[in-house]
Amino acid sequence: MVFHPILIALFPVLLIYSQNQHLVLFEGIIFPILIILSVAIVFWIALKFVLKNMVKSAIITSLYIFLFFSYGHIFNIINSNFSLDDPTYTHFSIIIPFTILVTILTYYFIKTKRKLNNFTSIINVMSIALVAFVIFNISLFTVQNEVTTLDSENNLFNFENSITLENKPNVYYIIMDEYAPLRTLEKIYEYDNSDFVNFLEDKNFYVAKNSHTNYGETFLVLSSTLNMKYLNYLTEVVGPDSIDQRIPYQMINDNLVMKNFKSLGYKIYNFDSGWWGTRNIQIADENLCLVNQNMDFHTLYELKQTSILRSVDLFIKKPTQQIFHEERRDRIHCQFYTIMELPDKTNEPIFALMHVMAPHDPYVFGPNGEPVDYDYTFAETAKKDSFKKSPNVQAYLDQSTYLSKLLKETVTTILNRSDNSIIIIQSDTGPDVTFSNLTDEQHKLGRMSIFNAYYFPEQKYDLLHDEITPVNSFRVIFDSHFETNYGLLDDEVFFSTYEKPYVFEQITDYTIIP
């Protein structure tokens with residue numbers, strides 16, 4: 001029996017999933033599995049039709065798949081062991097022997113008169129072993145990090161006994177990923193964003209001058225904010241060494257804020273951000289901008305980086321990167337232009353959550369919205385000794401400039417339709433500022449400093465203050481506008497890293513950037 005091409009085609013996707021299981025939902029690998037399997041099977045069938053030999057066509061197919069997806073790994077090995085200034089040399093040092101090897105082996109397997117049944121059995125066993133090993137690792141991770149269904153001590157408010165609120169305000173919660181506050185831009189980037197802050201204040205927004213996020217990672221920030229509580233207890237639930245994000249995902253999917261608004265008769269909208277935590281929130285009535293819903297672009301990017309497609313950028317100007325970037329541009333534009341039109345979709349009051357995965361890289365917009373195609377750095381912004389000269393620093397600022405313009409347009413449109421609206425514009429975290437010559441403590445504070453602005457009807461800002469943190473955002477809204485009595489928690493800031501997200505370090509000094 002010949003089945004090794006199927007298993008070898010599955011292996012690269014399963015391997016990437018096993019390495020990123022704490023970040024990626026299983027749904028994210030279905031599309032790449034289907035694509036790779038389809039291509040492998042079609043190629044196998046076509047080759048069988050040409051060679052008239054099932055065994056040879058299967059061996060050649062498996063050979064091509066294996067070499068195709070081993071290219072990136074070999075590239076990384078060479079790059080990490082030899083300091084080559086130009087990656088072009090690395091590519092050619094792999095492509096030439098790859099071409100020779102493929103030519104020789106293809107010629108051999110086509111021309112050989114030997115029976116290849118034993119060789120087929122060996123490849124079958126090896127492919128089973130590879131896939132079994134990865135599945136074992138996936139299963140082990142799942143067992144060791146079993147998702148606990150947390151008891152909902154979420155303090156769902158009983159609105160049945162409260163006064164019926166007529167003319168309920170639409171509520172818009174806009175999260176800008178790694179959007180820096182004014183003080184960070186001025187003191188670290190030497191960039192003036194006061195025009196945007198002044199615009200908001202002219203529109204009667206309350207802009208918190210010294211706001212910080214409660215946690216250093218998006219999945220913790222949003223699950224904390226949307227459930228109006230701290231998450232430090234998760235250290236005991238998952239363990240201090242865990243990197244598993246599934247419980248916070250679960251908490252976002254079934255969050256208290258949306259439950260409260262639903263009980264008040266609100267229509268709940270979420271916008272697919274492209275990040276699994278806010279792609280398709282189950283409790284929402286509608287998830288909008290669901291383009292490429294079953295694709296996980298992190299997985300696709302990793303597959304591209306491990307495959308020979310990584311070398312295509314040498315000969316054609318970054319075609320694969322442009323595909324990823326165009327998808328990101330389309331998604332962000334869909335989010336902004338759709339949220340402005342939400343009141344046309346329903347006569348019910350609206351709660352909208354829009355998580356925009358920008359100005360976090362990739363940097364896909366110039367300052368006026370023009371397409372740009374910087375390398376996908378995954379937050380590696382610049383080298384410490386040359387951050388002012390780094391094109392990625394300017395790219396971050398350019399993308400922030402355009403997003404500020406989109407935010408202005410969005411705010412203007414929403415308030416022109418009705419000033420009886422609540423708007424929160426908030427960054428999840430600050431940008432990574434490890435490129436600059438700051439101390440470790442200053443780097444942490446740069447990460448934890450956020451933009452945080454509120455618009456309330458009739459400017460009911462009594463409960464707001466300049467140091468407010470996201471955990472209190474909706475406590476303020478419900479208490480000031482919906483007659484609840486949640487009260488405010490102490491505003492506390494806990495830094496952690498992606499390597500150990502549940503090991504929290506409390507920050508108490510907020511003045512370490514002079």
(message) Give me the residue from the stretch 19-37 that is part of a helix (DSSP H, G or I) and surrounded by 19 or more Cβ atoms within 10 Å (Cβ to Cβ) and, out of that set, modelled with the lowest pLDDT.
(response) 28
(message) Only one of 95, 138, 110, 78 is without any contact (Cβ under 8 Å) to a residue 24 or more places away in the chain, farther than 14 Å from residue 5 by Cβ and either exposed (fewer than 13 other Cβ atoms within 10 Å of the Cβ) or not aromatic (Phe, Trp, Tyr) (or both). Can you tell me which?
(response) 78
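Restricting attention to the stretch 501-513, and to residues there that are surrounded by fewer than 16 Cβ atoms within 10 Å (Cβ to Cβ), in contact (Cβ under 8 Å) with a residue 40 or more places away in the chain and not hydroxyl-bearing (Ser, Thr, Tyr), which single residue is farthest from residue 232 (Cα to Cα)?
512
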(request) Within the stretch 455-500, count every residue that is among the hydrophobic types (A, V, I, L, M, F, W, C), over 28 Å from residue 203 (Cβ atoms) and free of Cβ contacts under 8 Å to residues at least 60 places away in the same chain. (result) 0
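Residues that are not charged (D, E, K, R), at least 3 per element: which strands (runs of 3 or more DSSP E) completely within the stretch 439-514 meet that?
452-455, 493-495
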(message) So residue 325 ticks every box in (1) closer than 25 Å to residue 64 by Cα; (2) at pLDDT 80 or above but one. Which box is left unticked?
(response) (1)
(message) Here is a check on your reading of the model: is residue 100 part of a helix (DSSP H, G or I), under 27 Å from the mean Cα position of the chain (by Cα) and surrounded by fewer than 19 Cβ atoms within 10 Å (Cβ to Cβ)?
(response) no
(message) Looking at the structure I just gave you, is residue 37 in the same structural domain as residue 111 (by TED's automatic domain parsing) and in contact (Cβ under 8 Å) with a residue 40 or more places away in the chain?
(response) no
(message) Can you find a residue that is under 26 Å from residue 139 (Cβ atoms) and out of contact with any Leu (no Cβ under 6 Å at 6 or more places or on another chain) anywhere in the stretch 46-62?
(response) yes
(message) Suppose the filter is crowded, with 16+ Cβ neighbours inside 10 Å and of a type in the set (Phe, Trp, Tyr); does residue 66 pass it?
(response) yes
(message) Need the failing condition index for residue 179 against (1) under 30 Å from residue 250 (Cβ atoms); (2) modelled with pLDDT under 85, just the number.
(response) (2)
(message) Go through the stretch 175-231 and report how many residues are more than 18 Å from residue 277 (Cα to Cα), part of a helix (DSSP H, G or I) and of a type in the set (Val, Ile, Thr).
(response) 2
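Quick one: in the stretch 437-473, which of the residues that are of a type in the set (Ser, Thr, Tyr) and touching a helix residue (DSSP H, G or I) at 6+ places or on another chain (Cβ under 7 Å) is surrounded by the most Cβ atoms within 10 Å (Cβ to Cβ)? First the steps, then the outcome.
Restricting attention to the stretch 437-473, the residues satisfying the condition of being of a type in the set (Ser, Thr, Tyr) are 439, 449, 454-455, 461, 469, 473.
Retained after the next criterion (residues that are touching a helix residue (DSSP H, G or I) at 6+ places or on another chain (Cβ under 7 Å)): 449, 473.
Working: 449: 27, 473: 22.
Among those that are of a type in the set (Ser, Thr, Tyr) and touching a helix residue (DSSP H, G or I) at 6+ places or on another chain (Cβ under 7 Å), it is 449.
Hey, does the stretch 379-387 have a residue that's assigned to a strand (DSSP E or B) and either of a type in the set (Ser, Thr, Tyr) or modelled with pLDDT of 95 or more (or both)?
Within the stretch 379-387 (the criterion being assigned to a strand (DSSP E or B) and either of a type in the set (Ser, Thr, Tyr) or modelled with pLDDT of 95 or more (or both)), the answer is no, since none of the residues qualifies.
Yes or no: residue 374 outside any helix (DSSP H, G or I), farther than 22 Å from residue 416 by Cα and at pLDDT below 90? Can you show your working first?
Working: outside any helix (DSSP H, G or I): yes; farther than 22 Å from residue 416 by Cα: yes; at pLDDT below 90: yes.
So residue 374 passes the test.
Collect the residues in the stretch 345-370 that are at pLDDT below 90 and out of contact with any strand residue (DSSP E or B) (no Cβ under 6 Å at 6 or more places or on another chain), keeping them in residue-number order. It would help to see each step written out before you state the result.
Kept after step one, since they are at pLDDT below 90, are these residues of the stretch 345-370: 345-347, 361-362.
Result: 345, 347, 361, 362.
The values are calculated or read from the model by the stated rules, or taken from the named source; none is laboratory data. Here the structure is a predicted model, which is why all the values come from computation and not from measurement. Because the Cβ atoms are built from the backbone with ideal geometry, glycine has one as well, and the counts that use them run over all protein chains shown.
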